[in-house]
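Some notes on the structure that comes next.
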Amino acid sequence: MQEDMKKNADLHCVCDDPSCLKKRFLACMASLEALCTELEGIADSLPDRFDSQLGLATAQRLLGTIKKAHDFEESTLYPALVEKAGHPPEFLAVIERLKYEHWGDEDFAGEVFHQIRQFAAHGTPETAERLSWTLRGLFENMRRHIEFEREFLLPLSRACQ
Ligand SMILES: [Fe+2]
């Protein structure tokens, strides 16, 4: 019970500072998690319940949402945490891996964008299966990455401005 309360407190920030790193990191993760939920909804809707308008709207926002989150992490969060940790090589290696995963997810997102547009224009059962596979690949990768960052980086973002 006490462990649950501690974990819950770690997932929220109650300070008043709008520039608080933890608050911005939580917002960043929340935006990516919402995107994953949308992508999963599209994958689950294939092929018969696919809503073209909804799919295209998600495709349109996809790369922008991901890049905004990655930009925050790479230009603000990671440098602050590296500084705070004192630049140990093991930590720098983890940060490099996370950046590499960002690059992979952005590449994957570009493919999802094209496949959603293609399917909305002239989808077939075969392309539905391919789109479903690509969507699941992207949101499963992103969820794994977010979970790692939550476990590993979120505790470090406390009291770090
Ligand atoms: Fe990340």
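The values are calculated or read from the model by the stated rules, or taken from the named source; none is laboratory data. The model shown is predicted, which means the values in this text are computed figures rather than measured ones. Quick reminder, even Gly has a Cβ in these numbers, built from the backbone with ideal geometry, and neighbours come from all protein chains shown.
With the requirement that a residue be without any contact (Cβ under 8 Å) to a residue 24 or more places away in the chain and in contact with an Asp or Glu (Cβ under 9 Å, 6 or more places away or on another chain), what does the stretch 42-56 give you? Before the answer, list the steps.
Let us first name the residues in the stretch 42-56 that are without any contact (Cβ under 8 Å) to a residue 24 or more places away in the chain, namely 44-45, 48-49, 51, 53-54.
Hits for the stretch 42-56 are SER45, LEU54.
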Filter the stretch 2-50 for residues that are among the charged types (D, E, K, R), modelled with pLDDT under 95 and within 16 Å of the ligand (Cβ to nearest atom); the one that is surrounded by the fewest Cβ atoms within 10 Å (Cβ to Cβ) is ARG24
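For the stretch 109-128, what are the residues that are over 15 Å from ALA57 (Cα atoms) and in contact (Cβ under 8 Å) with a residue 12 or more places away in the chain?
To start, the set of residues in the stretch 109-128 that are over 15 Å from ALA57 (Cα atoms) comprises 111, 122-128.
Within the stretch 109-128, GLU111, GLY123, PRO125, THR127, ALA128 meet the criteria.
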When every residue in the stretch 64-82 that is within 11 Å of the ligand (Cβ to nearest atom) and aliphatic (A, V, I, L, M) is compared, the one farthest from SER19 (Cα to Cα) is ILE66
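Which of the residues that make up the stretch 83-108 are without any contact (Cβ under 8 Å) to a residue 12 or more places away in the chain and not acidic (Asp, Glu)?
The answer is GLY86, HIS87, PRO88, PRO89, PHE91, LEU92, ALA93, ARG97, TYR100, TRP103.
One line per residue, one yes/no per condition, for (1) buried (at least 17 other Cβ atoms within 10 Å of the Cβ); (2) within 16 Å of the ligand (Cβ to nearest atom); (3) not aliphatic (A, V, I, L, M):
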{"residue": "LYS84", "(1), (2), (3)": "no, no, yes"}
{"residue": "PRO89", "(1), (2), (3)": "no, no, yes"}
{"residue": "TYR100", "(1), (2), (3)": "no, yes, yes"}
{"residue": "GLY110", "(1), (2), (3)": "no, no, yes"}
{"residue": "ARG117", "(1), (2), (3)": "no, no, yes"}
{"residue": "HIS122", "(1), (2), (3)": "no, no, yes"}
{"residue": "SER132", "(1), (2), (3)": "yes, no, yes"}
{"residue": "ARG143", "(1), (2), (3)": "no, yes, yes"}
{"residue": "ILE146", "(1), (2), (3)": "yes, yes, no"}
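Would you mind stating whether LEU138 is over 18 Å from PHE72 (Cα atoms), in contact with a Leu (Cβ under 7 Å, 6 or more places away or on another chain) and either surrounded by fewer than 15 Cβ atoms within 10 Å (Cβ to Cβ) or not acidic (Asp, Glu) (or both)? Steps first, please.
Working: over 18 Å from PHE72 (Cα atoms): yes; in contact with a Leu (Cβ under 7 Å, 6 or more places away or on another chain): yes; either surrounded by fewer than 15 Cβ atoms within 10 Å (Cβ to Cβ) or not acidic (Asp, Glu) (or both): yes.
In short, yes.
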